[in-house]
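Chemist: Can you keep this structure in mind? I'll have questions shortly.
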Amino acid sequence: MIRKNFIKCLKGLRRIDEKILDLLYPPRCPICDKVTLPEDRICPECRKKIHIVSEPVCMRCGKPLSNQRKEYCFDCESRSYNFTQGKALWVYGKLEKASIYRFKYQNKREYAKIYASELTQRYGTWIRNRKIQAIIPIPLHKSRKKKRGYNQAEILAKEMGKILGIPVYANLLVRVRDTKPQKTLDEAERKNNLKRAFKMSENIVQLKYILLVDDIYTTGSTLDAAAAVLKAAGALQVYTCCISIGKDY
């Protein structure tokens with residue numbers, strides 16, 4: 001009984017701390033960056049403007065399809081991937097791009113709670129049905145993380161883990177090569193850029209179902225390279241989840 005009361009007390013203090021933090025640092029809409037109500041997460045006007053990923057989508061990567069008769073996007077029709085299936089929240093447009101840019105490069109770490117809340121509300125059931133045992137963020141190279149001060153994918157993964165009650169292994173997958181930004185390369189260069197870019201920090205034979213988390217999905221090369229390493233280490237199924245994703249053309 002004493003232990004239960006102690007736990008209740010801790011939970012109560014945590015809620016009070018969160019309310020105090022909300023007063024000191026009011027939550028901001030990740031789209032317009034203006035102060036918004038905690039229950040709104042995204043202000044109503046901005047919610048009307050963002051592009052939510054909706055059916056039809058690619059059965060492999062989750063990219064929106066322009067042709068309803070297609071099952072896979074051009075990229076997934078053209079090549080095979082090491083991950084089983086992926087999901088994304090928003091279509092990568094001007095507003096979404098600006099939001100993620102602030103999250104990555106302007107220290108808007110608080111956006112992670114909102115992104116995670118939106119992602120888990122949309123895909124929480126899908127994630128649980130995949131029997132996910134671990135959430136793993138795409139890592140940054142140590143030099144880039146030191147320069148930026150944080151890994152945005154790691155922060156997002158931890159917030160998702162809190163909501164879903166799934167362990168997050170932030171240091172299990174390591175980026176051993178400081179690769180060039182994928183957006184600056186063509187498809188062939190992207191593949192070569194990521195060769196031997198990741199390695200495992202320890203054996204994970206007990207983890208069979210893994211969710212990889214990143215901020216943006218373009219061609220899927222980064223997630224694919226990471227999934228290949230995880231599968232080589234013993235994972236059976238690797239799934240992906242991102243904030244934003246491009247369209248199929």
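Chemist: Where in region 195-249 are the strands (runs of 3 or more DSSP E), entirely inside, with at least 3 residues that are farther than 20 Å from F103 by Cβ and in contact (Cβ under 8 Å) with a residue 60 or more places away in the chain?
Modeler: Answer list for region 195-249: 237-245.
Chemist: Can you say whether N192 is modelled with pLDDT under 90 and open to solvent by 40 Å² or more (accessible area, probe 1.4 Å), as far as the supplied structure shows?
Modeler: Taking the combined requirement at face value, the residue satisfies it.
Chemist: Another question, if that's okay. Hey, among the residues in region 21-34 that are open to solvent by 80 Å² or more (accessible area, probe 1.4 Å) and over 17 Å from F103 (Cβ atoms), which one's modelled with the lowest pLDDT?
Modeler: Taking the candidates together, the pick is L21.
Chemist: Still on this structure, I have one more. Sort out which residues of region 123-147 are free of Cβ contacts under 8 Å to residues at least 40 places away in the same chain and under 21 Å from D178 (Cα atoms), and write them in order of number.
Modeler: Result: L140, H141, K142, S143, R144, K145, K146, K147.
Chemist: Same structure again: For S143, only one of the following conditions fails: (1) of a type in the set (S, T, Y); (2) exposed (fewer than 13 other Cβ atoms within 10 Å of the Cβ); (3) at pLDDT 95 or above. What is its number?
Modeler: Checking S143 against (1) of a type in the set (S, T, Y); (2) exposed (fewer than 13 other Cβ atoms within 10 Å of the Cβ); (3) at pLDDT 95 or above, the one that fails is (3).
Chemist: If you go through region 126-139 one residue at a time, do you hit one that is within 23 Å of I52 (Cα to Cα), open to solvent by 70 Å² or more (accessible area, probe 1.4 Å) and outside any helix (DSSP H, G or I)?
Modeler: For region 126-139, residues within 23 Å of I52 (Cα to Cα), open to solvent by 70 Å² or more (accessible area, probe 1.4 Å) and outside any helix (DSSP H, G or I): absent.
Chemist: May I pose another question? Pull out all pairs, ordered by first then second residue, where Cβ-Cβ is under 7 Å, the residues are six or more apart or on different chains, the first lies in region 106-122 and is touching a residue at least 12 places away in the same chain (Cβ under 8 Å), and the second is part of a helix (DSSP H, G or I) and of a type in the set (V, I, T).
Modeler: Listed pairs, sorted by first residue: R109/I155; A112/I155; A116/I163; S117/I163; T120/I163.
Chemist: Still on this structure, please answer the following. Determine whether M59 is open to solvent by less than 10 Å² (accessible area, probe 1.4 Å) and outside any strand (DSSP E or B).
Modeler: It is false that M59 is open to solvent by less than 10 Å² (accessible area, probe 1.4 Å) and outside any strand (DSSP E or B).
Chemist: Please identify the pairs in which a residue from region 28-42 that is among the hydroxyl-bearing types (S, T, Y) has its Cβ atom under 7 Å from the Cβ atom of a residue that is outside any loop (DSSP other than H, G, I, E, B), counting only partners at least 6 apart or on another chain.
Modeler: These pairs meet every condition: T36/R28.
Chemist: Give the residues of region 63-79 that are within 16 Å of Y217 (Cα to Cα) and either more than 22 Å from the chain's Cα centre (by Cα) or among the small types (G, A, S) (or both), sorted by residue number.
Modeler: F74, R79
Chemist: Scan (1) over 15 Å from E118 (Cα atoms); (2) open to solvent by 60 Å² or more (accessible area, probe 1.4 Å); (3) part of a loop (DSSP other than H, G, I, E, B) for the single condition K97 breaks and write down its number.
Modeler: It fails just one condition, (3).
The values are calculated or read from the model by the stated rules, or taken from the named source; none is laboratory data. Keep in mind it's a predicted model, so treat the numbers as computed, not measured. Cβ coordinates were reconstructed from backbone atoms using ideal geometry, including for glycine residues, and neighbour counts include every protein chain displayed. The protein model used for the area step is the full one, side chains on, heavy atoms only, and it has no ligands, DNA or RNA in it. Shrake-Rupley method; radii C 1.70, N 1.55, O 1.52, S 1.80 Å.
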